[in-house]
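The values are calculated or read from the model by the stated rules, or taken from the named source; none is laboratory data. Since this is a predicted model, take the numbers as computed values, not measurements. In this analysis, Cβ positions are derived from the backbone assuming ideal geometry, glycine residues included, and neighbour counts consider all displayed protein chains. These accessible areas exclude ligands, DNA and RNA; they are computed on the full protein's heavy atoms, side chains included. Shrake-Rupley method; radii C 1.70, N 1.55, O 1.52, S 1.80 Å.
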Amino acid sequence: MKVKKLVVVSMLSSIAFVLMLLNFPFPGLPDYLKIDFSDVPAIIAILIYGPLAGIAVEAIKNVLQYIIQGSMAGVPVGQVANFIAGTLFILPTAFLFKKLNSAKGLAVSLLLGTAAMTILMSILNYVLILPAYTWFLHSPALSDSALKTAVVAGILPFNMIKGIVITVVFSLIFIKLKPWIEQQRSAHIH
Amino acid sequence: MMDSMIIGKYVPGTSLVHRLDPRTKLITIFLFVCIVFLANNVQTYALLGLFTIGVVSLTRVPFSFLMKGLKPIIWIVLFTFLLHILMTHEGPIIFQIGFFKVYEGGLVQGIFISLRFVYLILITTLLTLTTTPIEITDGMEQLLNPLKKLKLPVHELALMMSISLRFIPTLMEETDKIMKAQMARGVDFTSGPVKERVKAIVPLLVPLFVSAFKRAEELAVAMEARGYQGGEGRTKYRKLVWTGKDTSVIVSLIVLAALLFFLRA
């Protein structure tokens, strides 16, 4: 059984990587903030195998992205940021979904994840990620007001929209896949 | 649409850099990123430049491939350069057009920072240009081995990475097939409002997940039938061999760091 879990998590990571390639910018937001559906496989991993599997999918997806595509500044700042954002987004689902075992419960927990991701990523970008970018790119540090604009006009709406879009997509998928996910989960437990 | 996205940037070759142990290349990049910060005057930047040019020419990767890697960041380099010219007001004024004054300090800083940036990008892209993803995975597994003591499942993570890598082309092909099937029915994945894209992605994802699970089941059965039982006592098909070349690369980096340390202002 353990081997199957290993293999399934790997496959979900591959799907996440492929979905990452199909990203698109959201109209009205800066070009470097792109929306993709690569968190969907991670949520499926969580629903079937629990929180660690979901985190593994997020981690493998980003490491693969780094070793295949490389990183602009040489240091994987963007990948680390994506990993943290994805983990924050999917974790509430891991703990809430067991209690609210329905499509509605899923939507509620994903929206909670959206809130967690939006708030924490805005703070993290302000104190850590954006300064790290400018530091590794060796460009002059952003001024405090420029940082605030970047967070309020870019990062905050971006994470919120991304969370909501994925919630909508996943709810639609979940309606179709629910019996199948339950079957996989019970096959894993027994 | 999928074939326009090349998977990875690896350029096959037999150069010295290609044949280096992936561990060496990973350590080198880590050290280089640290060392670059030591440079702060003309001599040190020239030395780093020589090192970078030397390494790049050793790989024998066609110049056009390197330029492809540099293209997306050329604007950031230019932007940083201009920012320094406009913002740094040190030293004598070199020339002046109306309001626009260029100070010597600004020009020098701008050139230095841009150079540092280009060095970093060139050296780090060489990793993906000269090493296959599977080699990088093997190298990472070996380098992270000590973390096993902290109960981190290094072997399992590396195995999952290899399986993922193996199935990315397969799944891309499958995604492409499903997309084409949907496009034949009039679905548009590449343009249109977000609402349409969201609607289009659902009939793409559902068959993708179901077929990936089928594949996973088959692979798991095949692995168990062959007696896979975790990392303990498992032999390797691809073995990493540390040779004299690798030691000399690490030593030359340490020498470079020492030289930079003495030459810096």
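Listed values, structure above:
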| read-out | value |
| --- | --- |
| Unit charges on C-beta of K, R, D, E only; dipole of the stretch B:106-265, Debye | 200 |
| Partner aspartates and glutamates for residue A:162 [C-alpha distance under 19 Å; skip if fewer than 8 residues away on the same chain] | A:31, A:36, A:39, A:58, B:196 |
| Two-site label geometry, residue A:26 and residue B:188: point separation in nm, points 7 Å out along Cα→Cβ | 2.2 |
| Exercise: per-residue mean of other protein chain Cβ atoms within 10 Å, B:152-163 | 4 |
| Chain A, relative contact order in percent, only Cα pairs under 8 angstrom and at least six apart counted | 22 |
| Charge dipole (debye, nearest 20) of the protein assembly as shown; +1 at Cβ of Lys and Arg, -1 at Cβ of Asp and Glu | 860 |
| Of the DSSP H helices in chain A, those whose Cα atoms cover at least 20 Å axially and whose Kyte score averages 0.0 or more | A:2-21, A:51-69, A:77-96, A:103-124, A:156-189 |
| Shielded by partner chains, the stretch A:118-137 residues - at least 10 Å² of accessible area, 1.4 Å probe, vs chain alone | A:135, A:136, A:137 |
| Counting all C-alpha pairs of the stretch A:1-86, share separated by more than 20 Å (%) | 33 |
| Radius 13 Å from Cβ of residue B:32, net charge of other residues (Lys, Arg +1; Asp, Glu -1) | +2 |
| Whole-number accessible area per residue in Å² for chain B, which is evaluated in the context of all protein chains at 1.4 Å | 56 |
| Loop sites in the stretch A:14-100: chymotrypsin sites (Phe, Trp or Tyr not before Pro), DSSP, at most 12 other Cβ within 10 Å | A:32 |
| Positive minus negative residues near residue B:252 (Lys, Arg vs Asp, Glu; Cβ under 13 Å) | 0 |
| With every protein chain in place, the protein assembly as shown: carbon and sulfur % of accessible area (1.4 Å) | 70 |
| Net charge of neighbours whose Cβ lies under 13 Å from the Cβ of residue A:105, counting Lys and Arg as +1 and Asp and Glu as -1 | +4 |
| Residue B:87-residue B:257 pseudo-label distance in nm [points 7 Å out on the Cα-to-Cβ vector] | 3.0 |
| Cα-Cα over 23 Å, subset of A:178/B:214; A:99/B:199; A:176/B:180 | A:99/B:199 |
| Volume of the Cα convex hull of chain A, divided per residue and given in Å³ | 110 |
| Heavy-atom accessible surface that B and A bury in contact, both chains counted, 1.4 Å, Å² to 100 | 5100 |
| Relative packing of peptides A:56-62, B:187-193 - highest average C-beta neighbours within 10 Å first | A:56-62, B:187-193 |
| Rounded, prolate or oblate (a/c below 1.5 giving rounded, otherwise prolate when a/b exceeds b/c) for the protein assembly as shown by Cα gyration tensor | oblate |
| The stretch B:146-226, Rg to Rh (Cα coordinates; Rh as Kirkwood inverse mean 1/r) | 1.15 |
| Degrees, to the nearest 10: B:154-184 long Cα axis against longest axis of chain B | 80 |
| Between helix B:194-225 and chain B: long-axis angle, C-alpha atoms, 0 to 90°, nearest 10 | 70 |
| Rounded FRET efficiency, nearest 0.05, which uses the C-beta distance separating residue B:34 from residue B:237 and R0 of 25 Å | 0.15 |
| Helix B:104-130 axis, angle to chain B major axis (alpha carbon atoms, nearest 10°) | 30 |
